[in-house]
Each structure stands twice: as structure tokens, then as C-alpha cells.
1. Mind checking which residues of the range A:231-257 are among the charged types (D, E, K, R) and either surrounded by fewer than 24 Cβ atoms within 10 Å (Cβ to Cβ) or part of a helix (DSSP H, G or I) (or both)?
2. Considering only residues of the range B:38-66 that are among the aliphatic types (A, V, I, L, M) and over 16 Å from residue B:282 (Cβ atoms), which is nearest to the chain's Cα centre (by Cα)?
3. Condition first: of a type outside the set (A, V, I, L, M, F, W, C), part of a helix (DSSP H, G or I) and either in contact with a Ser or Thr (Cβ under 9 Å, 6 or more places away or on another chain) or modelled with pLDDT of 80 or more (or both). Can you find one or more residues in the range B:56-68 that meet it?
4. Go through the range A:149-167 and count every residue that is in contact (Cβ under 8 Å) with a residue 40 or more places away in the chain, more than 24 Å from residue A:46 (Cα to Cα) and within 12 Å of chain B (Cβ to nearest Cβ).
5. For the range A:91-108, does any single residue satisfy the condition of being within 19 Å of residue A:167 (Cα to Cα) and over 27 Å from the mean Cα position of the chain (by Cα)?
6. Test residue A:104 against the criterion of being free of Cβ contacts under 8 Å to residues at least 60 places away in the same chain, buried (at least 23 other Cβ atoms within 10 Å of the Cβ) and within 14 Å of another protein chain (Cβ to nearest Cβ), and give yes or no.
7. Please work out which one of (1) within 14 Å of chain A (Cβ to nearest Cβ); (2) in a loop (DSSP other than H, G, I, E, B); (3) surrounded by fewer than 20 Cβ atoms within 10 Å (Cβ to Cβ) is the condition residue B:219 fails and give its number.
8. Name every residue in the range A:90-101 that is within 8 Å of chain B (Cβ to nearest Cβ), touching a residue at least 60 places away in the same chain (Cβ under 8 Å) and either among the aromatic types (Phe, Trp, Tyr) or farther than 18 Å from residue A:134 by Cβ (or both), in order of residue number.
Amino acid sequence: MSAKTDGLHVRGLCATFETPRGPARAVDGVDLDIAPGEVFGLVGESGSGKSVTLRALMRLVHPPGRVEGNVAWQGRDLMAMKPEELRRMRGGEIAMIFQEPMTALNPVLPVRVQIEENLRAHTDMNRRERRARALELLDIVGIPAAARRLDEYPHQFSGGMRQRVMIAIALASSPKLLLADEPTTALDVTIQDQILKLLLDLRDEFSMSVVFVTHDLGVVASLCDRMAVMYAGRIVETGTVSEVFATPHHPYTRGLLGSVPHGGAERTMLASIEGTPPGLASLPAGCAFHPRCEFATDECRRERPALEPFAPGRSVACFHHERVARAEELA
Amino acid sequence: MSFASFIFRRVLQMIPTIVFILVVTFVLVRLLPGDPASAILGDRARDADVARINARLGLDQPIFVQFLYFVRNVFTGDLGNSISLKVPVARLIAERLPVTLLLTAMAAVIALVMAVPLAFVSALRRGRASDVVVRGAFQVGLSMPVFYVGLVLLIVFSANLHWFPVGGYGDGFFAHLYHLFLPALTLALSLSAILMRNLRAAVIGVVGAEYVDFARAKGLRSRLVLTRHVLRNALISTVALFGLQIGVLLSGAVVTETVFAIPGAGRLMIDSIYGRDYPVIQGLTIALAVVVSLIFLATDIVQAWLDPRVAR
């Protein structure tokens, strides 16, 4: 690798959990490159390892889970950081928001405390400045009557407002990278839209990169510049969102795209991917997707395809990706 | 604001509780075998004398009238005179109850000091040697009866090592603390074992909560994560248990006070029951019941303060 000092560069990230049936690799050799200001979508079904990837980046995986690999942020190695340096990084330069604000916000602390403790950890603002900034943050994320609501508790907010609160807390110290773990999944569709717009605005305002984990391809299409598709702990395809949507090269990506309803078209059956994702402790030999794949051959059952570039900015982990792409063009 | 109105409502709730306590103590004493007149006069009393005593004590009145007199007297601080000691019950209680309360308070503090840090160590190093040792030790503490623990402590620290007095209460506040240390420790052992187990389980639950991960992701110092985010949430259930256990502790004091010869309310209660000293039994029961309901009140207030969802 050339010495890139900007953005986030991940090589060979693994997260392993011991289970009674042997070690389970929830994340298995993930490579990612996130440029400054970029919005990156990480897509996959439940259990594909996308959320664990985010937690592993922040070194938030609970023991006995193990994380290995190389994570460089602005040229510094996150995995080798001492606790104090890591602490300053978390929430200061890299922030994270979670899927379910009801469980991610501390139920017994007023919102003000939860914002101000972030400022206290990362800035040398005094009490009065922290108060003013907390108020400003609630304003930025669009919470009406912010001054009054600062002293309220999470249970007094609606779902959408609660997610705004969490975003305000995460962004308190103006991070340069936001890791967002399905932040709109738990919300109504209309509220989802508002939160996504808010995140895009904030990306511009704070000029930060965003890694957006989701299973919602619609969200990826409207929000992200580039994307990666995960299956069974590995990335199976990457590229710009427009290219991947136009010609998916991995059969799994193709299946995911086929299961999204297209507005305006005449009524047809939604395509679905047959079968279920494999258990991590008992991955099939060869390509993990082969039992569900219509393109699978003996080669797929024997050997695991590596993620390899096939065009500028595009990579795929499939022996038959050209056949897959052609099939898409014919369809 | 809503916290203040919660406290107000909670205090109002005490009124029916107190009325209930008064009814129950009044009825209970009248259900006890034997009657006061023959207790005062002895078994061979003549009927005329019994009638005279009953009239003097108001025991010839209808039961409902007796109850109203009783309530009036309680609220004016007149709990009657002890039959055997011939002194006002209120004065007896004022002398003896503070001893028991101090003993209970010391036991509670010792139990907390032991349970809270060890619960944390045990929960955070779950499954490792320190966890196993801590839990094993508390298991032993929990399974031994109070009177036995008390006797062992007495033999080791008082009779053999002479570090602590064998019994009694001493003169002056610090002498009280010194005299009450071993009995308080005796009471604290089983309480701390209960608290430790409960808090350990709560900490293990809270440490895995997403808001703790979020707190870490915010870059808070781990001590702040543990105190503000983990401890506070974990304490909510333990505080409720603690309040309930204080009630148990007060009754446990009866045994401890006997073993350590402490002139507290527990001893007074036992002596009065043997002597059928109804006014004392009644007065003490009311006093202890009021103390317990005040402790529950305090528990609820602390819980509402810890968890704003309680006080809505």
C-alpha cells in the first residue's frame, strides 16, 4: 500500500468470536478505503457482519471477541493505539451512531448531560460554553424548542427526535468520520427521509466522511457515493453506487437489487434470494454464497474467490462475474 | 418539578399505610393469649380486682371506642406505660430504638462498602479467579445463620484477640460505634452477599447495553463510563432490594442484640413478648412499622432520583 495519510484505510479486518461450535468469523478480511468527504454505503443482510465491521473499526467489540487487521485513520494505526489516544479518537475524530436510539441513549441521564460529556471529553470548553454548544447542536439537528428539551430524558422524545438527539451527541465534537449503523432502520419512512437529509447536510457542514451501514438499497442509492456489498463476513463487491446499480457483477448483489421494488413498472413478483445466509460457525466450503447461487459451478464449491479488481474502482469476488453482468444486461 | 410532585404523592400514600399499621397492631395485641389484668395481678386474682383494672385501663369499653382512644394516644405520643417496667412506653422506645437504628445503619453501610466494589470486580472480571473467589466467599457468608456468625466473631475478635468488647453499648457516640462494630458486621455479612449477587447480575446486564457502547464510542474515560453509565443504571434494581432488606435487617437485629447483649429495641421486644407487656409490644410494633415505611419512602425517592422513568 502507498502511504495514504488521508481518510480511513482498512486492510484485512477480522473479528472472531468463540462459540461452542468453534470460532466464528463475523468479519473476515475486510478491506475498505474511505476518502475525506465521501459517503460510503456498506450493504448486506442481517448477520452479514456489517455492524460488527463498524464496531471493530472503533475497537468496540466485546471480549472474548477478537479483532485483527490494519486500520489506518489519517495515517495513524487505530489498532495499535494506546487507550488514551484511542479514547481521544473515539467521539473526537471518529463518531458512531447506532440503530436504535432508545437503547443507545442512557435512559437515566438528561439529554444535556449526554451531549456535554462528549464536549467535556474532547474540548476544553468551560461550563457556559458547553451549555451554549449543546443548545446549538440540538438546533442544528432540528429539534424544536431546544432550550426546553435539553433537560428532558430520552423517553420523553419521539423516535425521530431521539435519533436526532443521538446524532447531536455524536457530532458534538465535530468528528471527521461518522460511522452510522442503520440509523434509520427503526424509524417511519417519512422520518427516515428527514434523518437522511439531515445527515447529508451535516456531512457538508462538518465536511466529514460517512460510512453508512444499511440493508436498505434505496438509502444507498439516494445517499452514498460508493458502496460495498457484504456477505458472510466478506466484501463481495465494491464500486460507485451508480455503476454497481447499473451492472452488478456479483450474483448476490444482483439478487439484492432484484428484491427492491421499482416504482412505475408494471406489477411483477419481487425477486428474492432463495435460502438463508449461512451460520458463521459452519460456512460452506468454497464461495460462501454458492448454495444460493444460480451461477454456481464445481469451482465455486471447491475454491473461495478472492475480491479482485476488474475495472477501475470496481472489485468483485466471483469466478463468473462476467456471466453475471451479461445476464443482467439481457434481463 | 415532576420529581417534587412525585415525592408529594408518595408521602400522601403513607397515610393509608399508617392507618393500616395502627389497625393491625391494635387487633394483633388483642388476639394474643392471656389478658393484661391477669398479667398485672397474677393468676390468682379475684374477679372484682380484674374488673377494676379493666375499667382503669379502659378495657371495658367497646372495641371501637378503645381503638379511637388508642389512635388519639398514639398521635399525642402517649403509648401508655410498660406493665412490667412501670415507665412510659414512649420513653422506653426513645431509649432503645436509636440503638437498633444505629446498629442497622452501621450494618447497611458496611454491607454497601463491601458489596458495591466487589460486585464490580466480580462482574467485570466475570469467570476469572477473582470473580470465583468473591462469589465463593459471599456464598459462605450468605449460607451461615446470623447467630452462628455472631458467635464466631465474638470468640475470635473479642474473647481471643480482645480487639472488640464482648457486648454492651458503651457511653458516647464513638464508644457506641466501637461496641456495635462486630454486631453490625454480623448483620452486614448476609446483607452484603445478597446485594453483591444482585448488583453483580445488574452490572453484567448493563455493561452489555448499547448505551454503554455508545458512551465508549463517545470517547469517555472508562471510569466515567463505569460510574455514570454502568453503576447508576445497575443500582436501580439494587436500591429497591436494599430497601426491602433493611426491613429484614431490623428483625435480624433481634437475634444480634441477644447474642451481643445490646440494649436495643430487638431485646426490648423479646422481653416484652415474654412478659406480655402489651403496651410495649404495641408501641414498638408501631415505631418499627413507621421506621420501615419511612425507609421504603426513602428507597422510592432514591429510585426515582436514579431513574427518571419511575417518577412520571
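The values are calculated or read from the model by the stated rules, or taken from the named source; none is laboratory data. Bear in mind the structure is a predicted one, so any value in this text is a computation, not a measurement. Every residue, glycine as well, gets a Cβ built from its backbone with ideal geometry; the counts of neighbours run over all protein chains shown.
1. Residues satisfying the conditions are A:243, A:254.
2. Among them, the one singled out is B:65.
3. Looking through the range B:56-68, at least one residue is of a type outside the set (A, V, I, L, M, F, W, C), part of a helix (DSSP H, G or I) and either in contact with a Ser or Thr (Cβ under 9 Å, 6 or more places away or on another chain) or modelled with pLDDT of 80 or more (or both).
4. Qualifying residue count, the range A:149-167: 6.
5. To start, the set of residues in the range A:91-108 that are within 19 Å of residue A:167 (Cα to Cα) comprises A:91-108.
Keeping just the survivors that are over 27 Å from the mean Cα position of the chain (by Cα) gives A:108.
Yes, some residue in the range A:91-108 is within 19 Å of residue A:167 (Cα to Cα) and over 27 Å from the mean Cα position of the chain (by Cα).
6. no
7. Residue B:219 satisfies every listed condition except (3).
8. Once the filter is applied, which keeps residues that are within 8 Å of chain B (Cβ to nearest Cβ), touching a residue at least 60 places away in the same chain (Cβ under 8 Å) and either among the aromatic types (Phe, Trp, Tyr) or farther than 18 Å from residue A:134 by Cβ (or both), the range A:90-101 yields A:96, A:98, A:100.
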